[in-house]
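The values are calculated or read from the model by the stated rules, or taken from the named source; none is laboratory data. It should be emphasised that the depicted structure is a prediction, and the values quoted were computed from it without experimental measurement. All Cβ positions, glycine included, derive from the backbone under ideal geometry; neighbour counts span all protein chains shown.
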């Protein structure tokens, strides 16, 4: 009778239609440990939760995605939503966690306590129940489990919560979403995905279901107001202005003798720099309180209320010095060849999707300068076109204008065959002796690189593992250079036509050229246009330029630092850049880094060869 009486009383009560954040903070949900902020649920200190809870209340919204950093309250939003619908709009609810043991622990640590802390739900809890299938006296059932197929292919539910779905095995998100199919037809379903960024280990972004689900929704980025200039910006760990300069959390640069960041000295100088006015903000309660007060979500793209995605970084509530320490420690590991800590920082602290390929792309910061490609550059002294041959007569190419110790990109792309190479050179007004082709692939034969260079007056180039090459001057002295003395490539070598014609061939040090290119980039003398010819081409150029990175190892026993350049398959733009630098050195537009006189012993070694 008691249950019947309660049901009658509940039926006679007017339906509470207040927004969830108001309803929960009105004494209806009490939080207990291990939740950090215990007591009555309150969003006054976390206003970025409110629009998310509002989206969950919106009857026109079918999917809500929360891309959030570690320990930022994402799971708490799921708990509050569970209490809200069980109290006011009950229906079948499935909670899916990364593993079955994690699901069980979370149920007893968080879900059970939160349900007991909600008076309107606690009265409907049965005396005995199983953690994996809790049937309330209202008839609604709360299912909890891991992403096993047995949990995802049975009964239908109205509400689906996918927690830390970046870790799910392939295909499990889609399997889970199938559980709401019947309610989806009636426009009554709700899917809530809560997770840090991915992808999981040994997967790429293209293989990450969580990434695809998140990017399908309308993006909402949290932004706050600067207390100095009153302009809004996204409170992110690091951002880049159009001119290539950085804003966000910044610090004074101190490094140790071995090249590692000095964490203690750097962390003592941490502040936040506004992207608009450049004024510093200190990490203090006032700053973060003002950010919380003025914060709002900015919609990116068209607003589709059916699927919405929310993102914020941990800068809004995590100590900045601790973030810098984590980042610099990851950077030290990166320079020793370990990229995993950086990927984890992006995924867990910044809540940014990142795999190895995308990390390499964002690791290179090219200087973007406002200039028009088709207009004259007063500082220009010469321009070169370089080409990198691939299979099926495909060539990647780039054209750059050069002044003294400075270069500007005029074009980048791919073409097919000898005729297209001529067209590129003609379009950008590059003289034949300033056209260089990488001869590492298919140099011989009538359609090879050497033959084309012979026919057109172009130069063949080839990167080599050597570091330096000896040159004998007219006065007999021997000096080192970053490229070998001019040699000749015979397109007919090994055939009857051998020796009839030759192409000029310059062999150069890949290591030296890689370093010169990087030095020009770091010193902002390697200029790129702010707006390229095509967005897809610009993305490909950025990807190729960043696909080669310098790895440093420090030998504690000898105190020596060794470094090398790690290559990848898609780094053609970097090879083209190396050949551009070679042209610039040959034209005396930049200095050769290894010109020096050889010792007597080295001279004897060269002469003996």
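Counting only residues that are under 27 Å from residue 149 (Cα atoms) and in contact (Cβ under 8 Å) with a residue 60 or more places away in the chain, how many does segment 103-113 have? Before you say what the answer is, go through the steps one by one.
Of the residues in segment 103-113, the ones under 27 Å from residue 149 (Cα atoms) are 103-112.
Next, from what is left, pick out any that are in contact (Cβ under 8 Å) with a residue 60 or more places away in the chain: 109-110.
Matching residues across segment 103-113 total 2.
Cβ-Cβ contacts under 9 Å between residues 6 or more apart (or on different chains), taken from a first residue in segment 120-134 that is within 14 Å of residue 82 (Cα to Cα) to a second residue that is part of a strand (DSSP E or B) and at pLDDT 95 or above, are listed as 125/134; 134/141; 134/142; 134/143; 134/144. Return the residues of segment 492-527 that are in contact (Cβ under 8 Å) with a residue 40 or more places away in the chain and part of a helix (DSSP H, G or I); say none if nothing qualifies. The answer is 510, 511, 512, 513, 514, 515, 516, 517, 520, 521. When residue 470 is tested against the conditions (1) farther than 30 Å from residue 258 by Cβ; (2) over 33 Å from the mean Cα position of the chain (by Cα); (3) not in a strand (DSSP E or B), the lone failure is (3).
Given the structure, is residue 210 in contact (Cβ under 8 Å) with a residue 40 or more places away in the chain, surrounded by 20 or more Cβ atoms within 10 Å (Cβ to Cβ) and either under 23 Å from residue 355 (Cβ atoms) or in the same structural domain as residue 528 (by TED's automatic domain parsing) (or both)? Even if it seems obvious, please write down each step before you answer.
Details: in contact (Cβ under 8 Å) with a residue 40 or more places away in the chain: yes; surrounded by 20 or more Cβ atoms within 10 Å (Cβ to Cβ): yes; either under 23 Å from residue 355 (Cβ atoms) or in the same structural domain as residue 528 (by TED's automatic domain parsing) (or both): yes.
Yes; evaluated as a whole, the condition is true for this residue.
Can you say whether residue 184 is in contact (Cβ under 8 Å) with a residue 60 or more places away in the chain, under 19 Å from residue 159 (Cβ atoms) and outside any strand (DSSP E or B), as far as the supplied structure shows? Yes; evaluated as a whole, the condition is true for this residue. Scanning segment 231-289 for residues that are out of contact with any strand residue (DSSP E or B) (no Cβ under 7 Å at 6 or more places or on another chain), outside any loop (DSSP other than H, G, I, E, B) and within 23 Å of residue 521 (Cβ to Cβ) returns a single hit, 266.
Taking segment 96-109 as the range and being crowded, with 21+ Cβ neighbours inside 10 Å and touching a helix residue (DSSP H, G or I) at 6+ places or on another chain (Cβ under 7 Å) as the test, the residues that pass are 96, 97.
Which of the helices (runs of 4 or more DSSP H) contained wholly in segment 333-436 include at least 2 residues that are surrounded by fewer than 16 Cβ atoms within 10 Å (Cβ to Cβ), in the same structural domain as residue 579 (by TED's automatic domain parsing) and out of contact with any helix residue (DSSP H, G or I) (no Cβ under 8 Å at 6 or more places or on another chain)? First the steps, then the outcome.
Numbers: elements: 340-344, 356-362, 417-427.
Filter on segment 333-436 gives 417-427.
Restricting attention to segment 153-167, which residues are farther than 12 Å from residue 93 by Cα and in contact with a helix residue (DSSP H, G or I) (Cβ under 7 Å, 6 or more places away or on another chain)? Hits for segment 153-167 are 153, 163, 165, 166. A residue that is within 18 Å of residue 584 (Cα to Cα), assigned by TED's automatic domain parsing to the domain that holds residue 405, surrounded by fewer than 17 Cβ atoms within 10 Å (Cβ to Cβ) and free of Cβ contacts under 8 Å to residues at least 24 places away in the same chain cannot be found anywhere in segment 528-541.
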